[in-house]
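To start, the structure itself, in structure tokens.
Values quoted throughout were computed directly from the atomic coordinates according to the rules given, and no laboratory measurement underlies them. Since this is a predicted model, take the numbers as computed values, not measurements. All Cβ positions, glycine included, derive from the backbone under ideal geometry; neighbour counts span all protein chains shown.
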Amino acid sequence: MKTVVVFGATGNLGAYVSMKLKDDGYNVVAVGGRKSDNGFFAEHGISYYSVNIKEKASFDVLKEIGDVHAVCHFAGSLPSRYEYDPRDLLDSITIGTLNVLTFMREHNCKKIIFPQTPYDLAEHFEMMKNGGKLAADLQRGFPKTGDHAVYVIAKNAAVDLIEYFHSTYGFSRFVLRFFTIYQYHPNAYHYANYKRRMMPYRMLMDRAAHSLPIEIWGDASKEKEMVYIKDFVELVSNCVKSDIEGGIYNVGNGWQVSLEEQIRGIVEVFSPKDHPSEITYVPEKPDPLENAFDASKTFKELNWKPKYSYIDQLRDFKHEMETEPFAKLWGTKDDYRE
């Protein structure tokens, strides 16, 4: 049985990835920064290890796991999840990735799956206006200001290290670039512009559930990528199975969702049928964000095509909100209420 190590296994993406790869029949080794996973992974036949990826010596607990087929590296700090700490971003993402790559060499592993921020293409964002899409292999850069700048610098340096290990040691690498992977997590809050606030789409779901009025601001036809977690883990699974050298891949559906479709879908799924939220248009307000990827390289090289429609995403999201499948690992929504 091939061994796959998932770093960041207690996080939003890593937990779902770990469960998917276990279902695929791999010997999954879950690694997280938390001292304890509260027994969650053991219940699913997965070993859990606590490792601080910023410290190379912390990896010593993994010495006995033997050869590794692939590493899914989803560890590292996020500016949207923690108070701003630029040093921690560099230590956890860049130095952490170097430590992971060194671990891979020590365990005869030559395949890594790594998430990349779309803000490495920030200087190309103008291309997304009027129906344009970002290609996967555009020249990378970073935003020069804002709360994501150091984060992108750290991620780019990590990708450059991965490319070095690819060229020098023959590693295959699957760098997956995405805007947001939509999923249920009991914590509905994040940090934006250095302040903690409820995520906009979670706020809309909450308003719809309470039959409160919802406004559609700006141009309601503006569209964005909305990829669901259960499609994303299928992509990761395909990367683990792949025998190609890999590269950088855009994670997109091949279709986008307009602001109007987003909000009408949320009202359809989350509002009581006998008292749905009233929707009004406020075109004079600022336009919503719009984004779109050209994901043709991903579809072709990784044999992946998302299956969840936008409405299917929302229905599954609501089901997970009600059933809390990761409650033992993450807690429940009541643990995060302000």
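Tabulated values for the structure
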item: Whichever aspartates and glutamates have a C-alpha closer than 13 Å to that of Lys54, once near sequence neighbours (fewer than 8 apart) are set aside; result: Asp88, Asp91
item: Matching label, Cα extents along the principal axes in Å computed from the structure shown, candidates (i) 59, 43, 38; (ii) 59, 47, 46; (iii) 85, 50, 31; result: (i)
item: Helix-derived mean residue ellipticity, 222 nm - over the chain, DSSP H n ≥ 4, -39500 (n - 2.57), to 500; result: -9500 deg cm²/dmol
item: Inter-centroid distance (Cα atoms) of the stretch 186-244 relative to the stretch 79-113, Å; result: 25
item: Kyte-Doolittle mean at least -1.0, axial Cα span of 27 Å or more - DSSP H helices of the chain; result: 149-169
item: Around Glu223: net Lys/Arg minus Asp/Glu count, Cβ-Cβ under 9 Å; result: -1
item: Phi to ³J(HN,Hα) by Karplus 6.51 cos²θ - 1.76 cosθ + 1.60 over the stretch 72-77, Hz, x for Gly, Pro; result: 9, 9, 10, 8, x, 6
item: Protection proxy ranking of 272-280, 325-333, 18-26 - average other beta-carbon atoms within 10 Å, highest first; result: 18-26, 325-333, 272-280
item: Amide hydrogen neighbours beyond the local backbone of Ser47, cut-off 5 Å, H modeled; result: Ala30
item: The stretch 41-105: mean projected area of Cα convex hull, nm²; result: 5.4
item: GNM flexibility winner over the chain from Ile216, Ile95, Ile113 (Cα, springs under 10 Å); result: Ile216
item: Residue exposure sequence - Lys111, Lys54 - by fewest surrounding Cβ within 10 Å; result: Lys54, Lys111
item: Glu245 versus Arg105: modelled label distance in nm, points set 7 Å from Cα along the beta carbon direction; result: 2.0
item: Whole-number percent relative contact order across the chain, with pairs defined as alpha carbons under 8 Å at least 6 apart; result: 18
item: Order by protection proxy (mean Cβ within 10 Å, highest first), peptides 260-267, 207-214; result: 260-267, 207-214
item: Rounded to whole Hz, the Karplus (6.51, -1.76, 1.60) HN-Hα couplings of the stretch 56-68, x for glycine and proline; result: 4, 5, 5, 6, 4, 5, 9, 4, 8, 7, x, 5, 10
item: Amide proton proximity set for Tyr189, modelled H, under 5 Å, gap of 5+; result: Met199
item: In Hz, Karplus ³J(HN,Hα) per residue of the stretch 172-177 (6.51, -1.76, 1.60; θ = phi - 60°; x = Gly, Pro); result: 8, 9, 10, 8, 9, 9
item: Net charge of Cβ neighbours under 12 Å - reference Phe171; Lys, Arg +1; Asp, Glu -1; result: +2
item: Enclosed volume per residue, in Å³, of the convex hull spanned by Cα atoms of the stretch 218-338; result: 158
item: Placed amide H near Arg177: partners under 5 Å, 5+ positions off or other chain; result: Gln116, Tyr249, Asn250, Val251
item: Hydrodynamic radius by Kirkwood, which averages 1/r over all alpha carbon pairs of the stretch 68-159, in angstrom; result: 14.4
